[in-house]
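Colleague: I have a structure I would like to understand better, so I am pasting it below and will then ask my questions one at a time.
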């Protein structure tokens, strides 16, 4: 984290009408257009400069081409209890900065965008490793959802229960996730139905799903373990204890391994073992 004199925000809006409504809402909250700036998306709040940029260039006539894909891959971080913000992955953040740098003349001596690029790369020593891990997890995910073998691979996904609004990261097997998609969307198991389900699965490169049907949520084990239980089990694993005594603990171990870029599989629906593990 570095000191800054301004804040850049990107929003997804459905047309200029939505932008107008957003401006009205911002002013109700104390964010006012900056009268000293020619930038039409610039606001001030308690002396802080804030640029609010729609991700659709058609709304204001300009935008950054990396905002929309970055927002699609964004994630929440907690600044403090009950306060979360959504941030772009580092690679997309840097892409927005390179785009802005080139569109503003590309002079490294005077560019604040170039300063941000240097600061980010200097202070994210694991940047390459982060992106490599992300690519590895996507590779495991794609392989798992297309796997028709009796040896099924575990994947970690983010699921929102649309009935309750609860969102959590869970681990399940590729065939269980595929079954949940069939159940949620009432897709049959014909060749055409399989193709439709696979399309939904493969289009979700961020591994995020919204499910409302109880049978679909049950199929992936949405309520099998809590975040606190996973953290407690992870502390045990980090201490060198990789043993598990039941299917629930086996799934939590697979969850931890997946997030480290390690592929694990099971040779039965339940009661099997992690028989295949590799980087």
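Colleague: Between the helical axis of 227-238 and the dominant principal axis of the chain, each derived from Cα atoms, what acute angle in degrees is found, rounded to the nearest 10?
Modeller: That helix lies at roughly 70 degrees to the long axis.
Colleague: How big is the Cα convex hull of segment 129-278 in projection, averaged over all directions, in nm²?
Modeller: Quarter of the Cα hull surface area: 8.9 nm².
Colleague: Given the peptides 235-241, 67-73, arrange them by the average over their residues of other C-beta atoms within 10 Å, most packed first.
Modeller: Highest to lowest by the protection proxy: 67-73, 235-241.
Colleague: Arrange the peptides 79-92, 244-257 so that the one whose residues have, on average, the most other Cβ atoms within 10 Å appears first. Don't jump to the answer; show the numbers that get you there.
Modeller: Details: 79-92: 11.9, 244-257: 18.4.
Per-residue Cβ counts within 10 Å, averaged per peptide and sorted highest first, yield 244-257, 79-92.
Colleague: So, one more: Roughly how tilted is helix 174-184, in degrees to the nearest 10 and between 0 and 90, from the longest Cα axis of the chain?
Modeller: Orientation of helix 174-184: about 70 degrees from the principal axis.
Colleague: Evaluate the relative contact order of segment 153-263 (contact order divided by residue number), counting alpha-carbon pairs under 8 angstrom at least 6 apart; express in whole percent.
Modeller: 34 percent
Colleague: As a test, work out the antiparallel percent of DSSP beta bridges whose residues both lie in segment 129-278, rounded to the nearest 5.
Modeller: Roughly 75 percent of the beta bridges in segment 129-278 run antiparallel, per DSSP.
Colleague: Here's another thing I want to ask about it. Strictly greater than 20 Å: what percent of every Cα pair in segment 1-150 meets that?
Modeller: Result for the distance tail: 60 percent.
Colleague: Distance between Cα centroids, segment 1-75 to segment 143-194: provide it in whole Å.
Modeller: 36 Å
Colleague: Rounded to the nearest 0.05, what FRET efficiency do residue 142 and residue 186 have when you use their Cβ-Cβ distance and R0 = 22 Å?
Modeller: Taking R0 as 22 Å, the efficiency between residue 142 and residue 186 is 0.35.
Colleague: Now for a separate question. Determine the gain in length on full extension of the stretch residue 133-residue 107; use 0.36 nm per residue of separation and subtract their C-alpha separation, reporting nm with one decimal.
Modeller: That works out to 6.1 nm of additional length.
Colleague: Moving on. Take the Cα of residue 98, step 7 Å along the line toward its Cβ, and report every residue of segment 52-73 whose backbone nitrogen sits under 20 Å from that point.
Modeller: Once the point is set 7 Å along Cα→Cβ of residue 98, 63-73 turn out to lie under 20 Å by backbone N, inside segment 52-73.
Colleague: A further question on this structure: Could you list the residues of segment 158-175 with an amide nitrogen less than 15 Å from a label point located 7 Å from the Cα of residue 214 in the Cα-to-C-beta direction?
Modeller: 162-164
Colleague: Taking the Cβ-Cβ separation of residue 160 and residue 37 as r and a Förster radius of 41 Å, what is the calculated FRET efficiency to the nearest 0.05?
Modeller: Step by step, r from the Cβ atoms, then E = 0.60.
Colleague: For 41, 171, which order do you get if you count the other beta carbons within 10 Å of each Cβ and list the fewest first? Spell out each step's value before the answer.
Modeller: Working: 41 21, 171 24.
Final ranking by Cβ density, sparse to dense: 41, 171.
Colleague: Candidates (i) 32; (ii) 22; (iii) 29; which is the computed percent of Cα pairs over 35 Å apart?
Modeller: Entry (i).
Colleague: Order of 100-110, 214-224, 156-166, 176-186 by packing, highest average Cβ count within 10 Å first?
Modeller: Numbers: 100-110: 11.5, 214-224: 17.3, 156-166: 14.9, 176-186: 19.5.
Output ranking for 100-110, 214-224, 156-166, 176-186: 176-186, 214-224, 156-166, 100-110.
Colleague: Let me ask something else. Counting alpha carbon pairs within less than 8 Å and at least 6 residues apart, what relative contact order, in whole percent, applies to the chain?
Modeller: Relative CO of the chain lands at 12 percent.
Colleague: Work out how much length residue 228 to residue 119 would gain on full extension: take 0.36 nm times their residue separation and subtract the Cα-Cα distance, in nm to one decimal.
Modeller: Answer, rounded to one decimal: 35.8 nm.
Colleague: Out of all DSSP beta bridges with both ends in the chain, state the antiparallel percent to the nearest 5.
Modeller: Just about 70 percent of them are antiparallel.
Colleague: Further question on the same structure: With runs of 4+ DSSP H residues as the only contributors, calculate the mean residue ellipticity of the chain at 222 nm using -39,500 (n - 2.57) per run, divided by the residue total and rounded to the nearest 500.
Modeller: -13500 deg cm²/dmol
Colleague: Another question, then. Pairing the Cα long axis of helix 191-203 with the longest principal axis of the chain, what angle in degrees results, from 0 to 90 and rounded to the nearest 10?
Modeller: The angle comes out near 50 degrees.
Colleague: For the pair residue 203/residue 243, report the inter-label distance in nm, with labels modelled 7 Å from Cα in the Cβ direction.
Modeller: 4.7 nm
Colleague: Using r as the Cβ-Cβ distance of residue 260 and residue 168, and R0 as 25 Å, what FRET efficiency do you calculate, to the nearest 0.05?
Modeller: So, using R0 = 25 Å, E works out to roughly 0.85.
Colleague: Of all DSSP beta bridges in segment 6-127, what percent run antiparallel (nearest 5)? Mind dumping the intermediate values first?
Modeller: On the way: 11 of 17 bridges.
If I count the DSSP bridges inside segment 6-127, around 65 percent turn out antiparallel.
Values quoted throughout were computed directly from the atomic coordinates according to the rules given, and no laboratory measurement underlies them. Fair warning: this is a prediction, and the values are worked out from it, not measured in the lab. As a convention, Cβ positions derive from the backbone with ideal geometry for all residues, glycine included, and neighbour counts pool all protein chains shown.
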